[in-house]
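Participant: I'd like to ask some things about the structure below.
The values are calculated or read from the model by the stated rules, or taken from the named source; none is laboratory data. Keep in mind that this is a model prediction, so the values were computed, not measured. Reconstructed Cβ throughout: ideal geometry from the backbone, glycine too, with neighbour counts over all protein chains shown.
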Amino acid sequence: MRRWSAALALCAVTACTGAGKAATPKDALAIDLPTPSDDTYGVYLNDTKVGWMRTVTKIGATVDVGLELHAAVGGMGQVAKITVTEQRSYDRQTRALVSMAFVQDAATGSVRMQGRRDGQELVLDISAGNATQTQRFAVHETLDDALVPQRLAKAAQLGAKATAQHFDPSLQKNVHVDYTVVGSEQLLLAGVSTRALRVDARYDELDITETSWLDDAGRVLETRVGGFFVARLEPPEVARRLDYHQDLLVSATVKAPRPLVHPSDLTHLKIVFTGFEKNLPPSSARQKVTRQGDAVVIELVRDPPLPDVAWGPNAAGLASVKSDLEPTPFIQSNAPEIKAAAAQAIGDAKRFSEVVTKLTGFVFDYIKDEYVPAYSNALEALASARGDCTEHSVLFVALARALGIPARVAVGIAYWPPGNGFGWHAWAEVYAAGRWYTVDPTWNQPVADATHVKLADGGPAEQARIVMLLGRLQIRSLEP
């Protein structure tokens, strides 16, 4: 099932460390350097304590802002652990972001990113599996950007706004944030009612909104993302005390009003949802999306059988699918190990339908089910041979691209009988004969059943859009 602990924690990074370019007058918000700090937060998903987070700001030859996150998330009858650390350093004189580091450690391996400034660009080395890619990004984030939350808090002016920018290494993307000071509220913190400044933020490129409460010095007391994630300031000994009394995958399931009988055999399904805001799921040949008042109606049909055409990279010249043929830092389709596994998986198959069916069966048999709340990549999935739906999906997509077949990861929800509803899930799509076909290697479905509701596709930045639906999406009715 789809897991969000790492992605949501990264949202909290920008809330706790701050990012932005002030839109309010500089004189009213002038701060030369941030206040040194060392704060610890309890991290909660769906009201369950799953980890703790520490943010540290140090002033030396550079201004260093660091974060470490430790989480242990229950799922599939297991407790999966993940550690994320991030460090940013700013030059005190030029105030430019001069270096950054990001590390994620999980059961299946590590993802490491190291960035250094070169002129107006950030050179980022991304290591996942046993492969490293170097990419260059135009990054303009400065120390002044990082000080915006403190500036807004100290000014404490109702309605004050700031337009923020922040480079997110996990997404390899510059993200803009619009901050608004909403007002002063009472916040219950450690059983004590505390006066705090409420600041709402919107991440434009991700369609994510969050609410933070800060004290008058700019210290973040609590942050909420959607209806699912909370980071709350706590004493270190309290923040590090964890509990695992519920399975997050089950508790996050979007409950169905009644069970579906033989869901894998369904070819048609109509679902009426509430909880979508302005951004609707994508429509396609298999998924029709319409809005009816406060509800969204999604009509699903199972894709037709995979086309029985000669297999080959005949779509390579199509501009619309070019990016779905290329390797990425997390889908390393050009790695020798991936190419060898792809050739082994399909054997002497010559027809597209046979190739996709063999790839699906290979990944289904190869990856042993294990809940891993982490950013996944194909090489680690291949090396560890374990994981959940995301490991299945990224490995399948990498194998398909290695064979010259356009493929991409899709995320959304699909009917999951153990949870008595629709669980957060990832699968794959492949392109042939002028259209996309839905494939689920986790469930060994070369043509996925009609319960797969696609909410996003593409890279992590596009997939992050569904964060706001966690804890909010509900099903009003469904008709097979």
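Participant: Going through segment 379-397 one residue at a time, which ones are within 16 Å of the chain's Cα centre (by Cα) and either in a helix (DSSP H, G or I) or of a type in the set (A, V, I, L, M, F, W, C) (or both)?
Facilitator: Cys389, Thr390, Glu391, Ser393, Val394
Participant: Restrict the check to segment 341-364 and report whether at least one residue is in a helix (DSSP H, G or I), at negative phi, of a type in the set (D, E, K, R) and in contact with a helix residue (DSSP H, G or I) (Cβ under 8 Å, 6 or more places away or on another chain).
Facilitator: Taking segment 341-364 first, the residues in a helix (DSSP H, G or I) are 341-346, 352-364.
Now restrict to residues that are at negative phi: 341-346, 352-364.
In the following step, the residues that additionally are of a type in the set (D, E, K, R) were identified as 354, 358.
So of that shortlist, the ones also in contact with a helix residue (DSSP H, G or I) (Cβ under 8 Å, 6 or more places away or on another chain) come out as 354, 358.
Within segment 341-364, one or more residues are in a helix (DSSP H, G or I), at negative phi, of a type in the set (D, E, K, R) and in contact with a helix residue (DSSP H, G or I) (Cβ under 8 Å, 6 or more places away or on another chain).
Participant: Same structure again: Can you list the strands (runs of 3 or more DSSP E) lying wholly within segment 260-312 that have 2 or more residues being among the polar types (S, T, N, Q) and either over 18 Å from Arg465 (Cα atoms) or more than 29 Å from the chain's Cα centre (by Cα) (or both)?
Facilitator: 287-292
Participant: Restrict the check to segment 461-474 and report whether at least one residue is under 21 Å from Pro307 (Cα atoms) and assigned to a loop (DSSP other than H, G, I, E, B).
Facilitator: Within segment 461-474, none of the residues are under 21 Å from Pro307 (Cα atoms) and assigned to a loop (DSSP other than H, G, I, E, B).
Participant: Filter segment 119-159 for residues that are farther than 30 Å from Ile338 by Cα and touching a helix residue (DSSP H, G or I) at 6+ places or on another chain (Cβ under 6 Å); which is surrounded by the fewest Cβ atoms within 10 Å (Cβ to Cβ)?
Facilitator: Here the answer is Ala155.
Participant: Hey, among Ser393, Ser376, which residue is surrounded by 24 or more Cβ atoms within 10 Å (Cβ to Cβ) and over 26 Å from Pro307 (Cα atoms)?
Facilitator: It is Ser376.
Participant: Counting just the residues of segment 27-73 that are in contact with a Ser or Thr (Cβ under 6 Å, 6 or more places away or on another chain) and outside any strand (DSSP E or B), which one comes out modelled with the highest pLDDT?
Facilitator: Per the criteria, the residue is Pro36.
Participant: Then there's this: Which one of the conditions (1) over 18 Å from the mean Cα position of the chain (by Cα); (2) touching a residue at least 40 places away in the same chain (Cβ under 8 Å); (3) not assigned by TED's automatic domain parsing to the domain that holds Pro149 does Val220 fail to meet, given that it meets all the rest?
Facilitator: (3)
Participant: What number of residues within segment 78-113 are over 22 Å from Asn377 (Cα atoms) and among the small types (Gly, Ala, Ser)?
Facilitator: Within segment 78-113, residues that are over 22 Å from Asn377 (Cα atoms) and among the small types (Gly, Ala, Ser) number 3.
Participant: One residue is enough: does segment 124-135 have a residue meeting the conditions over 21 Å from Ala335 (Cβ atoms) and in contact (Cβ under 8 Å) with a residue 12 or more places away in the chain?
Facilitator: No, the conditions are met nowhere in segment 124-135.
Participant: Could you count how many residues in segment 264-284 are modelled with pLDDT under 95, closer than 26 Å to Pro441 by Cβ and of a type in the set (A, V, I, L, M)?
Facilitator: The number of residues fulfilling the criteria is 1.
Participant: Run Ser99 past the list (1) modelled with pLDDT under 95; (2) out of contact with any helix residue (DSSP H, G or I) (no Cβ under 9 Å at 6 or more places or on another chain); (3) in a strand (DSSP E or B) and report the number of the one that doesn't hold.
Facilitator: So Ser99 meets the others, but not (1).
Participant: Related question: Between a residue in segment 405-422 that is part of a helix (DSSP H, G or I) and any residue that is surrounded by fewer than 21 Cβ atoms within 10 Å (Cβ to Cβ), which pairs come within a Cβ distance under 6 Å, given they are 6 or more apart or on different chains?
Facilitator: Correct list of pairs: Gly419/Val250; Gly419/Thr253.
Participant: Right, another one. If we scan segment 83-102, do we find a residue that is out of contact with any strand residue (DSSP E or B) (no Cβ under 8 Å at 6 or more places or on another chain), surrounded by fewer than 16 Cβ atoms within 10 Å (Cβ to Cβ), within 30 Å of Gly419 (Cβ to Cβ) and not assigned by TED's automatic domain parsing to the domain that holds Ile367?
Facilitator: No: segment 83-102 contains no residue that is out of contact with any strand residue (DSSP E or B) (no Cβ under 8 Å at 6 or more places or on another chain), surrounded by fewer than 16 Cβ atoms within 10 Å (Cβ to Cβ), within 30 Å of Gly419 (Cβ to Cβ) and not assigned by TED's automatic domain parsing to the domain that holds Ile367.
Participant: Being of a type outside the set (S, T, N, Q) and over 29 Å from Arg112 (Cα atoms) is true for just one of Ala231, Ala196, Ala239, Ala201. Which residue is that?
Facilitator: Ala196
Participant: Pull up segment 425-443, narrow it to residues that are more than 24 Å from the chain's Cα centre (by Cα) and not in a strand (DSSP E or B), then point me to the one that is farthest from Pro307 (Cα to Cα).
Facilitator: Filtering first and then ranking leaves Gly434.
Participant: Scan segment 379-404 for residues that are at pLDDT below 95 and of a type in the set (Val, Ile, Thr) and jot them down.
Facilitator: Of everything in segment 379-404, just one residue is at pLDDT below 95 and of a type in the set (Val, Ile, Thr), namely Thr390.
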